[in-house]
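**Student:** Sharing a structure here in structure tokens format.
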Amino acid sequence: MKVAIIDDEVHCVEGLVLHLKTKFPEAEIVLKTTKPEVGLQSLPRVKPDLLFLDVEMPGMNGFELLDQMSGEDFDVIFTTAYSQYAAQAFKAKAVDYLLKPIDETEFIEAVRHWQEERQKKRNLSTDRVEELLKHLKREGILKNKIAVPVTEGYEFIETNEILYCQSQNNYTLLYLVDKRKLVLSKTLKEFEKLLEKYFFIRVHKSFLINPNYMKKYYRNDGGYLVMQDEKSIPVSKSKKELITSLFDAISKTV
């Protein structure tokens, strides 16, 4: 979990850091500051999951800081020496409210309560996504489609539009029927796993092919395939028998 701490008192910041390191070693402290204006500038960049936020601070109090934040997805636990802010804190949708000096037991309970609620939200989100995917597949909307990461976001591609995939270090080049070439930030091994149910074949350590677009197979020169776009693709020794058998089987059905 990524945690941020904003409190104008140094000893309060360090006390929270100590509690976190002692009781929640998995916590990554991405921001700790005594200046609320620094927190306002830094929170969108560090993107915490949980923010410990003091109420009374010079220049800008905790509520004013939150009022200036828009579209940020993190939860808040307020920390303050003044109990009169409790109602306002929960109105600001805080997950908890800790009075200073912070009791260790109450601190642990607050963080664990937050973790439990966060997991519930995740489970609900996961269930919703799975339900949506089932619907899309049932309706045929996602049939034979994969989502691939591109520069602008993601693109849906029909698997039968893919001629072959080529490894390029930690990236994969996707060659399509329409002569486009996509550079994707996934390894060929990841794509092999994604496309195996569509009967793509890993014919070489650097190539994964769609067998629908094989044009010729040459046994000489180590063995290589010619694809529909005239690209020559090497075939590894371990795959030669498979490719030969495939061409033999196809010839018998013609």
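The values are calculated or read from the model by the stated rules, or taken from the named source; none is laboratory data. Treat the numbers as computed from the prediction; the structure is a model and nothing was measured. Note that each Cβ is placed from the backbone with ideal geometry, even for glycine, and that neighbours are counted across all protein chains shown.
**Student:** Given the structure, is I243 modelled with pLDDT under 90 and surrounded by fewer than 12 Cβ atoms within 10 Å (Cβ to Cβ)?
**Tutor:** Numbers: modelled with pLDDT under 90: yes; surrounded by fewer than 12 Cβ atoms within 10 Å (Cβ to Cβ): no.
When the stated conditions are applied, I243 does not pass them.
**Student:** Also, I was wondering about something else. Count, please, the residues in the range 149-175 that happen to be without any contact (Cβ under 8 Å) to a residue 40 or more places away in the chain, among the hydroxyl-bearing types (S, T, Y) and within 24 Å of K205 (Cβ to Cβ).
**Tutor:** The number of residues fulfilling the criteria is 2.
**Student:** How many residues are out of contact with any helix residue (DSSP H, G or I) (no Cβ under 9 Å at 6 or more places or on another chain), buried (at least 18 other Cβ atoms within 10 Å of the Cβ) and in contact (Cβ under 8 Å) with a residue 24 or more places away in the chain when one looks only at the range 183-212?
**Tutor:** The qualifying residues number 2.
Yes or no, residue by residue, for (1) under 25 Å from the mean Cα position of the chain (by Cα); (2) under 18 Å from F74 (Cα atoms); (3) modelled with pLDDT under 65:
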{"site": "E104", "(1), (2), (3)": "no, no, no"}
{"site": "R112", "(1), (2), (3)": "yes, yes, no"}
{"site": "E116", "(1), (2), (3)": "yes, yes, no"}
{"site": "K120", "(1), (2), (3)": "yes, yes, no"}
{"site": "N123", "(1), (2), (3)": "yes, yes, no"}
{"site": "R128", "(1), (2), (3)": "yes, no, yes"}
{"site": "H135", "(1), (2), (3)": "yes, no, yes"}
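**Student:** Just one of (1) touching a helix residue (DSSP H, G or I) at 6+ places or on another chain (Cβ under 8 Å); (2) charged (D, E, K, R); (3) exposed (fewer than 15 other Cβ atoms within 10 Å of the Cβ) trips up K237, so point out which.
**Tutor:** (1)
**Student:** Can you name the residue in the range 70-87 that is at pLDDT below 65 and either touching an Asp or Glu at 6+ places or on another chain (Cβ under 8 Å) or assigned to a helix (DSSP H, G or I) (or both) and, of all such residues, is nearest to R112 (Cα to Cα)?
**Tutor:** Step by step, filter the range 70-87, then rank; the result is A86.
**Student:** Return yes when E161 is farther than 17 Å from E196 by Cα, among the charged types (D, E, K, R) and touching a strand residue (DSSP E or B) at 6+ places or on another chain (Cβ under 9 Å) and no when it is not.
**Tutor:** No, not satisfied.
**Student:** When only residues in the range 142-183 that are acidic (D, E) and touching an Asp or Glu at 6+ places or on another chain (Cβ under 9 Å) count, which is nearest to M214 (Cα to Cα)? If you could, list the steps in order and put the result at the bottom.
**Tutor:** Let us first name the residues in the range 142-183 that are acidic (D, E), namely 152, 155, 158, 161, 178.
With the extra rule that they be touching an Asp or Glu at 6+ places or on another chain (Cβ under 9 Å), the set shrinks to 161, 178.
Working: E161: 13, D178: 16 Å.
Going through the qualifying residues, I end up with E161.
**Student:** Restricting to the range 2-45, count the residues that are farther than 16 Å from L98 by Cβ, among the hydrophobic types (A, V, I, L, M, F, W, C) and either outside the structural domain of W114 (by TED's automatic domain parsing) or crowded, with 16+ Cβ neighbours inside 10 Å (or both).
**Tutor:** Total meeting the criteria: 5.
Residues checked against (1) more than 14 Å from T79 (Cβ to Cβ); (2) touching a strand residue (DSSP E or B) at 6+ places or on another chain (Cβ under 8 Å):
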site: V3; (1), (2): no, yes
site: C12; (1), (2): no, yes
site: K23; (1), (2): yes, no
site: I29; (1), (2): yes, yes
site: R45; (1), (2): yes, no
site: M57; (1), (2): no, yes
site: D67; (1), (2): yes, no
